[in-house]
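Worksheet for the structure shown next.
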Amino acid sequence: MSAKSIVNEKGEIIVPEPPISRLLFASTGIMPWIWLVVRVFVGWQWFQSGLGKVQSPGWMNGGVALKGFWEAAVKVPETGKPPISFDWYRSFIQFMLDAGWYTWFAKLIAIGELAIGVALVLGALVGIAAFFGAFMNWNFIMAGSASTNGFLFLLSIFLILAWRNAGWIGLDRWLLPLLGTPWYRTGDMPPQVAARGATAR
């Protein structure tokens with residue numbers, strides 16, 4: 001590989017993407033079909049969870065369901081390990097509980113889960129949707145709720161890495177070229193890519 005191929009016009013060294021990485025996270029051949037299965041699976045989990053919460057008065061009217069979850073999470077039993085292992089996170093949940101944030105935070109969680117599910121199923125801004133999904137999974141895990149959160153968190157990380165092609169069989173096929181990416185200017189792209197107004201695939 002020549003030096004010219006790994007140094008851009010600013011003199012910055014560009015680390016080439018290995019072939020396996022291109023295959024998994026950038027190609028539009030077979031991988032988008034595999035990511036479609038993963039994406040729809042994760043998205044459907046979020047959609048079902050969010051829909052249930054949106055239809056529940058415990059989540060949408062006063063947030064008593066979230067209040068109960070937070071109260072159980074911060075409770076330190078007389079014997080045994082508390083649900084939250086990290087004191088700083090327990091203090092954070094206690095602060096939100098004392099401030100009564102569950103009244104509006106419950107709605108945010110319910111609508112957020114539903115939105116993440118819809119975005120992933122439709123393949124719209126998959127990387128962003130998967131990031132927020134993974135962030136919610138992480139918070140549930142930190143609050144002591146294992147359930148399927150660990151598995152969904154792992155799958156979401158893969159979808160984040162595959163943001164370029166995970167939504168190829170979906171709305172991202174048109175959204176990403178239309179919106180572009182903030183770290184690419186037209187002048188930085190190869191001529192054939194710039195002409196399409198899309199990032200390299």
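Every number here is computed from the coordinates shown, using simple stated rules; none is lab data. The shown structure was predicted, so the numbers you read here are calculated from the model rather than taken from an experiment. Counting neighbours? That spans all protein chains shown, and the Cβs are built from the backbone with ideal geometry, glycine included.
Assorted remarks:
- In a simple Cβ point-charge model (Lys, Arg +1; Asp, Glu -1; nothing else charged), the chain has a dipole of about 380 debye relative to its Cα centre.
- Prolate/oblate/rounded label for segment 95-182 (Cα gyration tensor, a/c 1.5): prolate
- Here percent of Cα pairs over 30 Å apart was calculated from the structure, and among (1) 29; (2) 12; (3) 37 it sits at label (3).
- Ranked 36, 120, criterion: other C-beta atoms within 10 Å, fewest first: 36, 120
- Based on Cα contacts under 8 Å between residues 6+ apart, the chain shows a relative contact order of 25 percent.
- Dipole magnitude of segment 70-124 about its Cα centre (Cβ charges: Lys, Arg +1; Asp, Glu -1), debye to nearest 20: 80 debye
- Considering only alpha-carbon pairs that sit under 8 angstrom and 6 or more positions apart, the relative contact order computed for segment 30-141 is 38 percent.
- Taking 103, 148, 28 in turn, the Gaussian network model of the chain (Cα-Cα springs below 10 Å) assigns the largest fluctuation to 148.
- Estimated 222 nm signal from helices in the chain, with DSSP H stretches of n ≥ 4 weighted -39500 (n - 2.57), rounded to 500: -19000 deg cm²/dmol
- Candidates per GluC sites (Glu not before Pro) in segment 60-169, loop by DSSP, up to 13 other Cβ within 10 Å: 78
- 0 to 90° range, to nearest 10: angle between helix 102-122 axis and the chain longest Cα axis: 30 degrees
- When you filter the trypsin sites (Lys or Arg not before Pro) in segment 1-96 for DSSP loop state and at most 15 other Cβ atoms inside 10 Å of their Cβ, you are left with 10, 75.
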